[in-house]
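K.L.:
I'd like to ask some things about the structure below.
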Amino acid sequence: MNELVGKPLDRVDGRLKVTGAATYSAEYYPGNLAYGVIIESAIPKGRLKNLDTSVAEKAPGVLKIMTSQNSMSLHFPAGSDPGNGKYAEKDLLPLQSERIFYGGQAIAVVIAETFEQAEHAAMLIKADYDKDKPVFSLEKNIDQAYKPKQGLGGSEVQIKRGDADNALQSAAVTIEETYTTPVYHHNAMEPHATIAEWKGDELMMYDATQSVMGSKNLMANMLGVKPEKVRLISLYIGGGFGSKGFSWPNTVLTAMAAKLVGRPVKLVLSRQQMFTNAGRRTQTIQKISLGTDNAGKLNAIKHATTSETSFVDEFVEPAGIATAMLYSSPNADISHSLVRLNKGTPCPTRAPGEAPGTFAIEAAMDELAYKLKMDPVELRLLNYAETEEQKNKPFSSKNLKECYRQGADAIGWKQRNPQPGSMQEGNYLIGYGMATATYPANRSASTAKAILFADGHAEILCGTQDIGTGTYTIMTQIAADAFALPMEKVKVKLGDSSYPKGANSGGSQVSASVGPAIRAAALGAVNKLIKMAIADSGSPLHGHKEEDIVAANGRLYVAKTNSGESYEQLLSRNGGKVEALATTNVSTRQQEANPAAKSGAEEEAEKESKTNAVVQDDEKTDRKPYAFHSFGAQFVKLRVDKQLGTVHIDKIVSIMDIGKVLNLKTAKNQIMGGIIFGIGMALMEGTGYDPNDGRVVTRDLAQYLVPVHADMPEFDIRFIDKPDPYISPIGARGIGEIGITGITAAINNAIYHATGKRVRDLPVTADKLI
């Protein structure tokens with residue numbers, strides 16, 4: 001049988017999605033379903049003095065109006081790790097007090113027979129406030145900045161090696177510039193949506209989440225319910241990009257509303273509410289200082305980031321984290337500062353830290369190259385980091401030089417005139433730019449269950465989720481290879497908290513985490529089949545040695561003689577099915593969250609894994625000596641209209657080193673999606689706030705601009721496709737986020753090459769170029 005992993009196969013769920021048969025979280029209809037609509041605060045800071053619901057309560061179809069006066073009491077979350085459940089606003093549980101910390105904060109929920117009735121009643125509610133003076137400008141309150149001790153999951157955000165200040169003073173060539181990025185919003189196609197139904201003390205939830213297991217555990221914790229009494233399903237997700245990695249008020253409010261009315265309740269955020277109630281990427285102010293000798297060798301790097309957080313939680317956008325490891329320098333100083341504002345809490349957004357951070361450091365490297373009169377690619381090669389210098393570790397795998405070479409050749413880098421503003425075609429100025437891409441290669445523990453049935457088909461069960469990236473497809477490919485079955489005989493089941501615990505979708509870790517567990521479980525099931533055949537006197541394999549038996553095309557046979565039988569024949573005589581559990585307890589992260597209490601099923605899986613040779617070989621690999629990262633090179637060719645200042649990107653070349661490619665088609669799709677995010681960051685996206693009250697004014701996709709088909713360039717996406725020998729037996733690293741890194745800087749650098757104008761404040765709109 002030909003190996004399926006790596007091939008550009010169509011999505012196994014593609015037909016379901018294009019025909020509308022894939023059921024998303026808002027598309028379930030339990031009996032007697034009611035509908036909820038959130039009422040938002042109209043002020044950014046103060047106290048809710050009075051909420052007049054008298055007219056709304058009498059409106060047609062209204063069942064209840066849930067406020068802080070009649071809602072159930074909640075428990076503060078026990079932890080903050082997304083894998084075990086992270087509530088986005090740990091110091092502000094919804095409808096537990098009258099205090100207001102930001103505009104758009106939930107102050108009530110209308111529950112009615114229909115969505116339209118709930119929405120109508122919501123407009124009839126009158127709120128009266130005691131207002132306080134809000135703080136909502138980062139620039140005006142920068143004197144209130146403080147340095148956080150750590151980032152999400154305990155990550156290090158204040159990093160030093162050597163003495164960067166002294167090194168800068170003695171450097172032959174220096175640059176020091178400030179780069180800024182606005183607030184960005186995720187804008188997944190699917191809004192946040194939840195359905196909750198209580199049956200006695202048991203809770204059933206359908207929720208759009210990037211963490212099926214984490215959200216389930218969090219809801220149990222906040223509602224004061226035993227975890228085994230909560231089941232959460234999220235079979236299909238219409239994008240998340242980090243926003244659905246945390247749980248927001250809508251999820252727990254739905255469960256609270258269902259308890260209040262004694263009926264199932266559906267609550268779906270509107271597009272406008274997605275701008276206030278579901279997180280965002282923070283605004284950043286990044287000051288970069290670089291120092292080199294006369295040849296261009298770096299001897300000092302400083303990257304100081306100031307960003308915003310809320311008054312009800314602390315989130316750090318670690319923009320300098322990539323700078324600490326991207327280039328070789330004996331002296332580095334990476335710092336992060338926060339200012340608390342009366343806005344909703346920010347959260348991870350596709351490549352949190354690396355996306356805005358690589359814009360700043362890679363634009364700065366471009367400026368340095370021009371100051372040195374040096375090719376930007378050559379400057380990066382001169383300062384190439386052979387090891388992760390901050391951790392003093394070799395990389396598990398790094399082929400970045402090959403990415404530079406292939407990318408430069410594909411874009412025609414050597415044919416360009418390096419002088420800014422020198423290339424023209426008719427009314428257009430032509431520009432070329434490049435930048436480095438990078439993202440950590442994360443892996444965490446995961447468990448999977450494999451089942452082989454007597455009819456010849458197999459199933460995989462894992463409590464992870466497919467957020468639209470193709471996880472169902474690549475896991476089917478991995479499982480089919482391990483089962484030695486064709487793909488059409490394998491069904492991968494995800495998105496259900498009743499399945500064994502899989503990784504959450506964050507940090508580009510699902511492929512690297514869940515894939516090895518699924519492979520180990522499937523191979524474990526096949527191994528059980530082999531042992532079954534050896535012990536079965538009716539099998540032609542009876543009495544043979546395990547090492548002599550081969551699995552292929554749904555058969556077991558002796559390699560030398562081809563004597564054997566099908567899975568169906570063997571299982572029909574031996575109970576009809578065989579099952580195997582596998583837990584791969586492996587992590588590449590420096591900081592480990594406190595593990596959640598294990599269920600009986602998890603303990604059973606760990607026990608069985610001790611006899612699974614595949615698991616044992618995986619776990620005994622010593623990963624501590626290595627730093628795990630993916631790398632890439634982004635190259636851009638674009639045109640700038642001389643009169644209008646409009647930018648049109650002609651071509652983007654993206655060469656990625658992400659270990660083993662699991663599916664060439666979905667891999668290209670992921671990198672392309674990240675690049676399109678970066679186009680938006682560079683040229684059009686940015687959330688606007690009213691300077692008078694701090695409320696969002698770009699609250700829909702008519703005003704918050706995102707790239708569309710007309711903005712698309714020619715894409716040339718390629719992969720080095722060399723397996724990482726240490727991350728897992730499969731050798732694959734995650735790719736969901738690396739595509740957005742570096743690309744914004746590459747576009748910005750190409751605009752400078754075209755025009756000679758350096759724009760350090762994103763987005764680069766036409767008014768900044770005219």
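K.L.:
Which residues, counting only those in segment 54-85, are within 25 Å of the chain's Cα centre (by Cα) and of a type in the set (D, E, K, R)?
P.N.:
Within segment 54-85, D81 is the sole residue that qualifies.
K.L.:
Oh, and also: Would you pick out the residues in segment 232-276 that are assigned to a loop (DSSP other than H, G, I, E, B), of a type in the set (S, T, N, Q) and surrounded by 24 or more Cβ atoms within 10 Å (Cβ to Cβ)?
P.N.:
S234, S243
K.L.:
Regarding segment 589-605, can at least one residue be identified that is under 14 Å from I727 (Cβ atoms), at pLDDT below 95 and surrounded by 13 or more Cβ atoms within 10 Å (Cβ to Cβ)?
P.N.:
Taking every residue of segment 589-605 in turn, at least one turns out to be under 14 Å from I727 (Cβ atoms), at pLDDT below 95 and surrounded by 13 or more Cβ atoms within 10 Å (Cβ to Cβ).
K.L.:
If you scan segment 443-471, which residues turn out to be open to solvent by 20 Å² or more (accessible area, probe 1.4 Å) and either assigned by TED's automatic domain parsing to the domain that holds P713 or under 27 Å from G239 (Cα atoms) (or both)?
P.N.:
Answer for segment 443-471, where residues must be open to solvent by 20 Å² or more (accessible area, probe 1.4 Å) and either assigned by TED's automatic domain parsing to the domain that holds P713 or under 27 Å from G239 (Cα atoms) (or both): S444, A445, K449, E459, L461, I467, G468, T469.
K.L.:
Hey, another quick one. One residue is enough: does segment 699-708 have a residue meeting the conditions aromatic (F, W, Y) and part of a loop (DSSP other than H, G, I, E, B)?
P.N.:
yes
K.L.:
Any residue in segment 371-389 that's within 15 Å of A435 (Cβ to Cβ): show its pairings with residues that are acidic (D, E) at Cβ separation under 8 Å, as long as the two are six or more apart or on different chains.
P.N.:
P376/D366
K.L.:
When both residues are 6+ apart or on different chains and their Cβ atoms are under 6 Å apart, which pairs have a first residue that lies in segment 715-731 and is closer than 16 Å to G632 by Cβ, and a second that is open to solvent by less than 20 Å² (accessible area, probe 1.4 Å) and part of a loop (DSSP other than H, G, I, E, B)?
P.N.:
F719/V661; D721/V661; D724/S396; D724/S397; D724/G731; D724/R733
K.L.:
Filter segment 487-511 down to residues that are of a type in the set (A, V, I, L, M) and in a loop (DSSP other than H, G, I, E, B) and give me whichever is surrounded by the fewest Cβ atoms within 10 Å (Cβ to Cβ).
P.N.:
Only one residue tops the list, namely L494.
K.L.:
Name every residue in segment 730-756 that is open to solvent by 10 Å² or more (accessible area, probe 1.4 Å) and in a helix (DSSP H, G or I), in order of residue number.
P.N.:
Hits for segment 730-756 are Y752, T755.
K.L.:
Here is a further query. Are any residues in segment 637-663 open to solvent by less than 10 Å² (accessible area, probe 1.4 Å) and either free of Cβ contacts under 8 Å to residues at least 40 places away in the same chain or not polar (S, T, N, Q) (or both), and if so, which ones?
P.N.:
Of everything in segment 637-663, those that are open to solvent by less than 10 Å² (accessible area, probe 1.4 Å) and either free of Cβ contacts under 8 Å to residues at least 40 places away in the same chain or not polar (S, T, N, Q) (or both) turn out to be L638, V640, G645, I649, I652, V653, I655, M656, D657, I658, G659, V661.
K.L.:
Report whether or not L644 is within 29 Å of I478 (Cβ to Cβ) and of a type in the set (A, V, I, L, M).
P.N.:
No.
K.L.:
Further question on the same structure: Looking only at segment 295-312, decide whether some residue is more than 30 Å from S329 (Cβ to Cβ), in a loop (DSSP other than H, G, I, E, B) and open to solvent by less than 10 Å² (accessible area, probe 1.4 Å).
P.N.:
yes
K.L.:
A follow-up question, please. Determine whether V109 is within 25 Å of G240 (Cβ to Cβ), assigned to a strand (DSSP E or B) and more than 28 Å from the chain's Cα centre (by Cα).
P.N.:
Criteria met by V109.
K.L.:
Further question: Checking F115 against (1) within 30 Å of the chain's Cα centre (by Cα); (2) of a type in the set (A, V, I, L, M, F, W, C); (3) open to solvent by 40 Å² or more (accessible area, probe 1.4 Å): exactly one of these is not met. Which one?
P.N.:
With (1) within 30 Å of the chain's Cα centre (by Cα); (2) of a type in the set (A, V, I, L, M, F, W, C); (3) open to solvent by 40 Å² or more (accessible area, probe 1.4 Å) applied to F115, the lone miss is (1).
K.L.:
Quick check on segment 127-183: of everything there that is of a type in the set (S, T, Y) and over 23 Å from R758 (Cβ atoms), which residue is nearest to the chain's Cα centre (by Cα)?
P.N.:
Selected residue: S155.
K.L.:
Take N32 and decide whether it is open to solvent by 70 Å² or more (accessible area, probe 1.4 Å) and farther than 30 Å from V661 by Cβ.
P.N.:
In short, yes.
K.L.:
Hey, can you tell me all the residues within segment 608-625 that are within 27 Å of the chain's Cα centre (by Cα) and buried (at least 22 other Cβ atoms within 10 Å of the Cβ)?
P.N.:
V615
K.L.:
How do the helices (runs of 4 or more DSSP H) wholly within segment 332-445 filter down when requiring 1 or more residues that are touching a Pro at 6+ places or on another chain (Cβ under 9 Å) and under 30 Å from A512 (Cα atoms): which remain?
P.N.:
Passing ranges, in order: 354-371.
K.L.:
Select from segment 421-442 the residues that are of a type in the set (S, T, Y) and open to solvent by 30 Å² or more (accessible area, probe 1.4 Å) and write down the one among them that is farthest from E602 (Cα to Cα).
P.N.:
Applying the filter and picking the extreme gives S422.
K.L.:
From (1) modelled with pLDDT under 95; (2) among the β-branched types (V, I, T); (3) not assigned by TED's automatic domain parsing to the domain that holds N504, pick out the condition that doesn't hold for I658.
P.N.:
Exception for I658: condition (1).
K.L.:
Within segment 227-235, is there a residue that is within 21 Å of P352 (Cα to Cα) and either modelled with pLDDT of 95 or more or acidic (D, E) (or both)?
P.N.:
No; the residues of segment 227-235 include none that is within 21 Å of P352 (Cα to Cα) and either modelled with pLDDT of 95 or more or acidic (D, E) (or both).
K.L.:
From the list A122, A42, A88, which one is within 30 Å of the chain's Cα centre (by Cα), among the small types (G, A, S) and either closer than 22 Å to M274 by Cα or surrounded by fewer than 15 Cβ atoms within 10 Å (Cβ to Cβ) (or both)?
P.N.:
Just a single option satisfies the conditions, and that option is A88.
K.L.:
Here's a check for you: in segment 1-29, which residue that is in a loop (DSSP other than H, G, I, E, B) and without any contact (Cβ under 8 Å) to a residue 60 or more places away in the chain is surrounded by the fewest Cβ atoms within 10 Å (Cβ to Cβ)?
P.N.:
N2
K.L.:
Return the only residue of D201, D128 being farther than 30 Å from K45 by Cα, surrounded by fewer than 15 Cβ atoms within 10 Å (Cβ to Cβ) and outside the structural domain of Q286 (by TED's automatic domain parsing).
P.N.:
Result: D201 is the single residue among D201, D128 that is farther than 30 Å from K45 by Cα, surrounded by fewer than 15 Cβ atoms within 10 Å (Cβ to Cβ) and outside the structural domain of Q286 (by TED's automatic domain parsing).
K.L.:
Let me ask something additional. Report whether or not V526 is surrounded by fewer than 17 Cβ atoms within 10 Å (Cβ to Cβ) and either closer than 25 Å to T584 by Cβ or in contact with a Leu (Cβ under 8 Å, 6 or more places away or on another chain) (or both).
P.N.:
no
K.L.:
Having 1 or more residues that are over 28 Å from G734 (Cα atoms) and assigned by TED's automatic domain parsing to the domain that holds N504 is the bar; report the helices (runs of 4 or more DSSP H) wholly within segment 520-622 that clear it.
P.N.:
Because the criterion is at least 1 residues that are over 28 Å from G734 (Cα atoms) and assigned by TED's automatic domain parsing to the domain that holds N504, the helices (runs of 4 or more DSSP H) in segment 520-622 that meet it are 567-572, 600-609.
K.L.:
In segment 155-172, what count of residues is obtained for those that are outside any loop (DSSP other than H, G, I, E, B) and either within 30 Å of A702 (Cα to Cα) or open to solvent by 20 Å² or more (accessible area, probe 1.4 Å) (or both)?
P.N.:
So the answer is 7.
The values are calculated or read from the model by the stated rules, or taken from the named source; none is laboratory data. Computed from a prediction, not measured in an experiment: that's the story for all the values here. Cβ atoms come from the backbone with ideal geometry, glycine included; neighbour counts cover every protein chain shown. SASA here: full protein model, heavy atoms, side chains in, ligands and nucleic acids out. Shrake-Rupley method; radii C 1.70, N 1.55, O 1.52, S 1.80 Å.
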